[in-house]
1. Residues in region 435-480 that are touching a Pro at 6+ places or on another chain (Cβ under 6 Å), assigned to a loop (DSSP other than H, G, I, E, B) and farther than 30 Å from PRO425 by Cβ: how many?
2. Going residue by residue through region 342-352, is there one that turns out to be surrounded by 20 or more Cβ atoms within 10 Å (Cβ to Cβ), touching a Lys or Arg at 6+ places or on another chain (Cβ under 9 Å), not assigned by TED's automatic domain parsing to the domain that holds LEU205 and not aliphatic (A, V, I, L, M)?
3. What single numbered condition from (1) in contact with a Cys (Cβ under 6 Å, 6 or more places away or on another chain); (2) part of a strand (DSSP E or B) fails to hold for ASN155?
4. Is it fair to say ILE500 is free of Cβ contacts under 8 Å to residues at least 24 places away in the same chain, under 27 Å from ALA187 (Cβ atoms) and in contact with a Phe, Trp or Tyr (Cβ under 9 Å, 6 or more places away or on another chain)?
5. Please enumerate the residues belonging to region 503-522 that are touching a residue at least 40 places away in the same chain (Cβ under 8 Å), part of a helix (DSSP H, G or I) and either under 30 Å from LYS288 (Cα atoms) or over 15 Å from the mean Cα position of the chain (by Cα) (or both).
6. crowded, with 19+ Cβ neighbours inside 10 Å and either in contact with a Pro (Cβ under 7 Å, 6 or more places away or on another chain) or acidic (Asp, Glu) (or both), is that true of GLU191?
7. Please determine whether any residue of region 201-220 is part of a strand (DSSP E or B), surrounded by 24 or more Cβ atoms within 10 Å (Cβ to Cβ) and of a type in the set (A, V, I, L, M).
8. With the structure loaded, tell me whether ARG43 is in contact with a helix residue (DSSP H, G or I) (Cβ under 7 Å, 6 or more places away or on another chain) and crowded, with 21+ Cβ neighbours inside 10 Å or whether it fails that test.
Amino acid sequence: MTTEIRNCQNCKQSFVIDSEDFAFYEKMEVPPPTFCWICRVERRLVYRNERTLYRRKSGYTGKEIFSTFPPDMPYVTYESDIWYSDAWDPLSYGRDYDFNRPFFSQFDELMKIVPLQARSVISPVNSDYGNNSSGSKNCYLVFNTTNAEDCLYGNGVSFSKDCVDNSHISKSELCYGNFWLTRCSRAFFSERCEDCSDIWFSKDLRGCSNCFGCFNLRNKSYYIWNRPHSKEEYAAWLAKLNTGSFCEFSKWKGEFAQRTIAYPSKFIEGTHNSDVSGNYIFNSKNVKKSFLVRDGENLKYCQYLQEPPNKDCYDHTTWGVGNAFTYECGQVGDGANNVKFVATSWTNIRNIEYCYMCHSSSDLFGCVSLRNKQYCVLNKQYTKEKYEELVRRIKEQMMQIPYIDKKGREYRYGEFFPIEFSPFPYNETATQDYFRRTKSEVEALGYTWRDQPTRNYSVTMRTEDIPDSIDEVGDKIIEDIIRCAHRGECNDNCTTAFRITPTELSFYRRMKLPLPRLCPNCRTCERLEHRGTFKLWPRQCTCAGEKSENDVYSNTASHFHGAGRCPNEFETSYSPERKEIVYCESCYNSEVV
């Protein structure tokens, strides 16, 4: 089919379905979407609670356990070892399909009675305070991670060790306060760096060491604010710095922020790509309008597919590892194939639709918490022939009797689960990291908001009373309850107060770093601001010849377009009102030194 322009039934804005999209939908045997791709992302992310843990009773043992499901939400949760065991049978909750009622209403009822895994964790070792993780060892409040060890307060930390307060780092160690690092060691308050060591307040470095306040360097050492120094000069300068002083740190942080907008940024963060659009895309081919993707091929409208390989997927948010032909999925990975409208399911799942928390299964429709099963609908077992006929009839019925939510949005076959059926409050899911809605906005849309609970602790130390230097901090600080500088007045699910753990204090002393002034939630949200949004804007390169268009940056090399303005246009996640200097790849590469 040719390209069509349709109106999103959620945001009411127009969106494009092109011939490439229609071909994919035909291959997957699904109707075209009625939500635009941005609204589809929002809808999937509401089914992902990344960083909020609760204490609640196990539905099996009655013990108090950690869970991602709030205790006042009507769900049954089991601790992981019980959930994976044969001590209970998810088929015992099976029910007949009622052709007189919408599918989504029946699925919602089933999801509220079938036990769910309290936390999505695989093989944790001394890492009770985490979620969406596998292979974590001695980690505390580390989320969305694979094989992290001795790490604290992280999000997207994989194959890394001895790291504190980082987001989206891989194969790194002894790092603090960073965003998007790969194979780095002793990196502090830096972003978008690769194969670097001993760097501070730097951005987009490759193969660098012993750099402070640097931008866009390649294979350089002993640079300060992008100027070269001898090894001896650099060591003498660094020795004079009091890296453990919060006042000094705040000064450098402010200067780093000012200098960030004085150097060119490439319109897309990514390398070794062919025909891609979006941001944070690496080693990929034909990946469109996607974000945080590594080694992908033929992907569109995808996010967080950082564990390759993934191929021929649309609208897939989070995870990966050998996925192919998936559509409208979230938290799905480890060999998924021909999977549609599925959340939080894994390990060689095949031919399943509208399922939640199922694994190692095939040919399922509308099932919850099934393991090693086949030919089931609403957790009830059927023969192959009866299953196929029943699924065909259900799809027809879903088109005739749609679910209609509180705001009149219709959900027929081909739509992901309604946001209002999410087991998590809107503001405690990954959605809030990107869409940043207020409570009134969320409630006006008909979604659930959860106010932060009243804390039963008393603050014993004000933020302003924390010693400026780490050298002045005594051992008794671990007994204090410290007030967060935001005091709960931000939109980051601030806990209003926090503690310093013994392991954390030891790290700060070892690395000569000041104590933080914000709670872990606020620190994470501050780092994730660097990630940008999913939305893309059409823009032209802001290289004006000898200088940047805003006259802030002077080019260091001649460019292909000479003294005139660069004609290259692109889509970028840098919106036109942002202050960054945004160059095309050619102009940017000319300025990398």
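1. 1
2. Yes: one or more hits.
3. (1)
4. So ILE500 fits the description; yes.
5. Across region 503-522, the qualifying residues are THR503, GLU504, PHE507, TYR508, MET511, PRO520.
6. Here the answer is yes, as GLU191 does meet what is asked.
7. Within region 201-220 (the criterion being part of a strand (DSSP E or B), surrounded by 24 or more Cβ atoms within 10 Å (Cβ to Cβ) and of a type in the set (A, V, I, L, M)), the answer is no, since none of the residues qualifies.
8. When the stated conditions are applied, ARG43 passes them.
The values are calculated or read from the model by the stated rules, or taken from the named source; none is laboratory data. Every value quoted in this text rests on a predicted model; they were computed, and no experiment measured them. A quick note on method: Cβ atoms are made from the backbone with ideal geometry, for glycine too, and the neighbour counts reach across all protein chains shown.
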